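What follows draws every value from the coordinates through simple rules; no lab data is involved. It should be emphasised that the depicted structure is a prediction, and the values quoted were computed from it without experimental measurement. In this analysis, Cβ positions are derived from the backbone assuming ideal geometry, glycine residues included, and neighbour counts consider all displayed protein chains.
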Amino acid sequence: MIGLRKTLAGRIVLTAVATVILLFLALPILVILVTSFSDNAFAAFPPDTWTLNWYKVLFADGSKWPAALSLSALIAALSTVFSLIIGVTAATALTRSELPLRSAVYALVLGPLVIPNIVTALGLFLLFEPAAMLGSPLAMALGHTVLASPIAVLILIATLRGIDERLEDAAASMGAGRLTIARRITFPLAAPGMIAAAIFSFITSFDEFYISQFLSSVDTVTLPVQVYNSLTFEIDPSVTAISAILIAFAILALALVALVRWLGSGRQGSLLSAETATGIAAPGGEAV
Amino acid sequence: MAALTAAPARPRKLLASRKTRVGILYALPVVVYLLVLFVYPIISTLFLSLKNADGSLTLHWYVDALTGVNLSVLITTLRISAETALLSLVFGFILANAISRLRPLWAGLAMLIVVVPHFISALVRTYGWIILLGDKGLVNETLAWAPGAPYQLLYNELGVVIGTTSMMLPYTVLLLYGVMRGVDRGLLAAAASMGAGRVTIFRRVYLPLVAPGLASAGLLSFILSLGYYITPALMGGPNQTMIATLINQQVTKENQWNGAAAQGVLLLLLTLAGLLLVKLVSSLGASAKKRSAS
């Protein structure tokens, strides 16, 4: 397909090296999934005997994992709500209006994504410590939103850019009010993007470590901080099970995003059926 | 006549100002939020790093951060980040190049293996490496026949670089894949038709075309490694302490906020310098592209 001669040996070498690099990416994940079912958590690979023991230990009495799990879920849920509110308004401002200092606003939004997380976390620690808010789930959710909302904004900007504004103009020309347009046209078309933004905000907060570690107290420990602590202080095999659950959770979330996008991809096409032949850009580009 | 021209101008102006007002209203939440919870904390970090115990201005936290143990930590940080950037660039180049030659279905599958790990917690992936690289881990078991096995692959610099490289690899692959897809294959074919060999084509045509992408991918993974904490802390030994680990220790263990603030500001400045370089490289690349096109 390139128009260059390719030697067979060259192709085999290239394929082999590329496969090794792919394994380099996939193996750390696969090994956790397998080890979490292994009877002998560290001694042998592949395992000799299989067990569900580590998963049972997770939810046994006196286990610290359920509390960490529910705290992380609560913080992530709060953070998702904040990020969606910020994301929808900011994306509307950046795509559907004339905004003075637009590039400055855009740079501000990108800021938390390029500045090292540890710097952001340190700043938030210095902000919340004097306010005696260390260990407060609300403080952690507010902190996580600093990292999650830019991602939501970027996804929703891509979503709104992908929606043909003529649909909104057409509705307006037929007398629809702003609310009606938002409710009947923009929202249904933007729904897949909003779900994707919600899922990515949730994952960002759920996996966040730096801010959580700085803002956590003895009683409020999020799941990633708990995993980190179990890896540094006392490696217990149940950490493998919780890691496997986190992997499954992330893959499930990504699959959900893909499903929603696939379901939503046909919608605008059917609304603009007269133009599908000429080819309209599919809604929602990837922004992450 | 004047009334006629003024009539369409006025509603347009009104509409524009209304659109502006709506824009400002909708931009307010994100701007206020990030100013209060992102910009203000960073500015107060900056002030803290310049403040003495009695409130007077000082640079001595920066002198502290740039001498003795702290300086060696800074150098370690730069060294590990450079090693990580180099490795993830080389691996990323090979993988992106291989994927860009695959049929769409296989390319999609390979990209899935690249992208999915990126969304799995770095903590979890680091733990996976700890299992893999241990004395009885899969890697040492497979290499059991080799002389000198088992190898020490953890709690040293090799372990850290393996870990951080696997974290940065998705970024470089994604960036380079985009660049490589943009390369006009016709140019390569043209060079071949004029008798250029494979090596010449690669060196004289392909490499110059992807060079700006390579530079920014390398710089980006360097910048992202600078502030890395989890993998060096879990997979490194005492000689692999990076600046983020130090900041964390000073805050959580030693209550030394000013020192931590100074190191945070240094990290921030290094990152901003790197980003400036990325911008410079991409504008240079753009102007080179323009020149070659004309």
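Say we join alpha carbon atoms closer than 10 Å with springs in a Gaussian network model of chain A; which of A:Ile211, A:Ile85, A:Ile203 then has the biggest fluctuation?
A:Ile85
Whose amide H sits under 5 Å from the amide H of A:Ser38, counting only residues 5 or more places off or on another chain, with H placed in the peptide plane?
A:Thr51
After finding the eigenvalues of the alpha carbon gyration tensor for chain A, what semi-axes result from the square roots of 5 times each, listed largest first in whole Å?
They are 39, 30, 19 Å, listed largest first.
Highest GNM mean-square fluctuation, chain B, Cα pairs closer than 10 Å: which of B:Leu28, B:Leu71, B:Leu105?
B:Leu28
Order these by the 10 Å Cβ neighbour count, fewest first: B:Tyr229, B:Tyr151.
Ascending number of Cβ neighbours within 10 Å: B:Tyr151, B:Tyr229.
For chain A, what is the calculated [θ] at 222 nm in deg cm²/dmol (nearest 500), taking -39500 (n - 2.57) for each run of four or more DSSP H residues and dividing by its residue count?
-22500 deg cm²/dmol
With runs of 4+ DSSP H residues as the only contributors, calculate the mean residue ellipticity of chain B at 222 nm using -39,500 (n - 2.57) per run, divided by the residue total and rounded to the nearest 500.
-25000 deg cm²/dmol
To the nearest whole number, what is the average tally of beta carbon atoms from other chains within 10 Å of the beta carbons of peptide B:266-274?
That average works out to 2.
Could you list A:Ser230, A:Ser243 in order of exposure, starting from the residue whose Cβ has the fewest other Cβ atoms within 10 Å?
So the residues, fewest neighbours to most, are A:Ser230, A:Ser243.
Let me know the volume per residue of the alpha-carbon convex hull for region B:68-293, in Å³.
In region B:68-293, the Cα convex hull volume per residue is 161 Å³.
Going by average Cβ density within 10 Å per residue, which order do the peptides B:193-200, B:57-64 take, highest to lowest?
Answer by packing, highest mean first, reads B:57-64, B:193-200.
Considering amide H positions built from the backbone, and no H for Pro or chain starts, which residues 5 or more places from B:Lys51, or on another chain, come under 5 Å of its amide H?
For B:Lys51, whose amide H was placed from the backbone, the distant partners under 5 Å are B:Thr58.
Once phi is turned into θ = phi - 60°, what whole-Hz ³J(HN,Hα) does the Karplus curve with 6.51, -1.76 and 1.60 give for every residue of region A:202-216, x standing for Gly and Pro?
Coupling constants for region A:202-216: 4, 4, 4, 5, 4, 8, 5, 10, 4, 4, 4, 5, 5, 9, 7 Hz.
Roughly what would the spin-label model give for B:Asn255 and B:Leu105, points 7 Å off Cα along C-beta, in nm?
That separation, rounded to one decimal, is 6.5 nm.
At 37 °C and a viscosity of 0.692 mPa s, what translational diffusion coefficient does Stokes-Einstein give for region B:37-175, taking Rh as the Kirkwood radius over Cα pairs? Give it in µm²/s as a whole number.
176 µm²/s
Residues of A:84-94, mean number of Cβ from any other protein chain within 10 Å of their own Cβ, rounded to a whole number?
Mean shielding count: 4.
Show me, bin by bin at 10 Å from 0, the whole-percent P(r) of the protein assembly as shown based on Cα pairs.
3, 14, 24, 26, 19, 10, 3, 1, 0, 0
How would you order B:169-181, B:43-55 from highest to lowest mean count of nearby Cβ atoms within 10 Å?
Output ranking for B:169-181, B:43-55: B:169-181, B:43-55.
Which shape class applies to region B:18-116: rounded if a/c is under 1.5, otherwise prolate when a/b exceeds b/c and oblate if not, where a ≥ b ≥ c are the square roots of the Cα gyration tensor eigenvalues?
Oblate, since a/c reaches 1.5 and b/c is not below a/b.
Compute the semi-axes of the equivalent ellipsoid of region A:99-157, taking the square root of 5 times each eigenvalue of the Cα gyration tensor, and list them largest first in whole Å.
Three semi-axes, in Å: 25, 12, 10.
Using modelled amide H (1.01 Å from N, peptide plane; none on Pro or chain starts), what sits under 5 Å from the amide H of A:Ser216, excluding residues fewer than 5 places away?
Amide H neighbours of A:Ser216: A:Gly135.
Largest first and in whole Å, what are the equivalent-ellipsoid semi-axes of region B:220-294 based on the Cα gyration tensor, each being the root of 5 times an eigenvalue?
36, 15, 6
In the Gaussian network model of chain A, springs joining C-alpha atoms below 10 Å, which of A:Ala182, A:Ala244, A:Ala26 carries the largest mean-square fluctuation?
For chain A, modelled as a Gaussian network with Cα springs under 10 Å, the answer is A:Ala26.
For B:Leu57 and A:Asn229, what is the calculated FRET efficiency with R₀ set at 41 Å and r taken between the beta-carbons, to the nearest 0.05?
The formula returns an efficiency of 0.60 here.
What is the distance, in nm, between label points placed 7 Å from the Cα along the Cα-to-Cβ direction at A:Leu74 and at B:Lys279?
Placing both labels 7 Å along Cα→Cβ, they lie 4.2 nm apart.
Could you derive backbone 3J(HN,Hα) for region A:56-73 from the dihedral phi with the Karplus parameters 6.51, -1.76 and 1.60 (θ = phi - 60°), listing whole Hz in sequence and x where the residue is Gly or Pro?
5, 4, 3, 10, 6, 4, x, 6, 8, 6, x, 5, 5, 4, 6, 5, 4, 5
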